[in-house]
1. Return the residues of the range 230-246 that are farther than 12 Å from residue 211 by Cβ and modelled with pLDDT of 85 or more; say none if nothing qualifies.
2. Select from the range 137-150 the residues that are exposed (fewer than 12 other Cβ atoms within 10 Å of the Cβ) and over 21 Å from the mean Cα position of the chain (by Cα) and list them in ascending order.
3. Search the range 162-191 for residues being more than 29 Å from residue 114 (Cα to Cα) and touching a helix residue (DSSP H, G or I) at 6+ places or on another chain (Cβ under 8 Å), and hand back the single one that is surrounded by the most Cβ atoms within 10 Å (Cβ to Cβ).
4. Being within 16 Å of the chain's Cα centre (by Cα) and farther than 30 Å from residue 236 by Cβ is the filter here; which residues of the range 152-195 pass it?
5. How about the range 174-279: which helices (runs of 4 or more DSSP H) wholly inside it have at least 3 residues that are farther than 30 Å from residue 120 by Cα?
6. Between a first residue in the range 56-70 that is on the phi < 0 side of the Ramachandran plot and buried (at least 16 other Cβ atoms within 10 Å of the Cβ) and a second residue that is modelled with pLDDT under 85 and not in a helix (DSSP H, G or I), which pairs have beta carbons less than 6 Å apart while being 6 or more apart in sequence or on different chains?
7. Of the conditions (1) modelled with pLDDT of 90 or more; (2) within 27 Å of residue 116 (Cβ to Cβ), residue 194 clears all except one; give me its number.
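The values are calculated or read from the model by the stated rules, or taken from the named source; none is laboratory data. Computed from a predicted structure; not experimentally measured. Methodologically, a virtual Cβ is constructed for each residue, glycine included, from the backbone with ideal geometry; neighbour enumeration extends over all protein chains shown.
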């Protein structure tokens with residue numbers, strides 16, 4: 001029986017390249033499945049469950065408040081008691097979002113090697129789906145930050161409407177850097193040790209535990225870190241006008257984020273065909 005021409009599948013050189021982005025949309029249900037699977041594994045198979053999303057930032061907030069606020073004396077003693085812990089927590093929100101998304105995307109291909117070596121789908125789905133857990137963790141922290149801000153006398157303002165833009169910038173930075181790391185990790189497993197090393201250093205070169213406006217001589221140097229503008233943006237939108245926001249600084253951060261994503265996608269697509277063979 002003859003097959004209608006409209007139902008025939010044509011395989012030819014260059015066809016996959018032309019349809020890659022269309023396939024990415026066609027496999028959106030797989031993206032949702034992988035994201036939901038990672039979220040369930042994150043919380044369902046852990047003894048403390050959702051508490052893990054709160055426990056780690058809570059401990060980090062206490063430690064950073066002590067180190068930068070007490071030991072380094074960056075805390076203003078005339079400010080309300082909860083002001084500095086709230087500043088640290090507002091800085092931890094984008095940092096936790098970035099670190100979770102970056103580490104998840106960076107280890108995503110190796111962690112899903114059983115899928116990559118058996119079936120075809122756009123491999124870009126895997127690191128993108130890894131961002132879901134980071135978003136879930138940050139959502140939980142935002143729910144906790146709200147009451148703390150109200151207890152410290154900080155009322156929500158219209159600036160909260162701009163928070164999604166800062167969230168998107170943090171995710172773009174994490175995805176762009178994660179695409180580089182995950183593609184390199186497939187071929188060179190040494191790169192899986194680079195991710196925790198970057199995060200260890202990044203915690204201190206990112207203004208998580210301190211304000212950038214009290215270090216004017218270092219502000220231009222800190223601005224080289226694309227997360228600096230994102231952290232300041234989070235504080236500005238969550239804690240009000242008492243925290244400065246430098247628009248050119250954030251514009252530079254967003255430009256770096258776009259550059260990381262563009263180059264990350266380029267490198268990922270360049271090495272993608274080899275994943276199934278070497279993973």
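1. Within the range 230-246, 230, 233, 234, 237, 238 meet the criteria.
2. Within the range 137-150, 147, 150 meet the criteria.
3. Residue satisfying both the conditions and the ranking: 170.
4. 182
5. The helices (runs of 4 or more DSSP H) meeting that bar are 194-205, 219-222, 226-239, 247-271.
6. Within 6 Å, the pairs are 68/74; 69/75.
7. (1)
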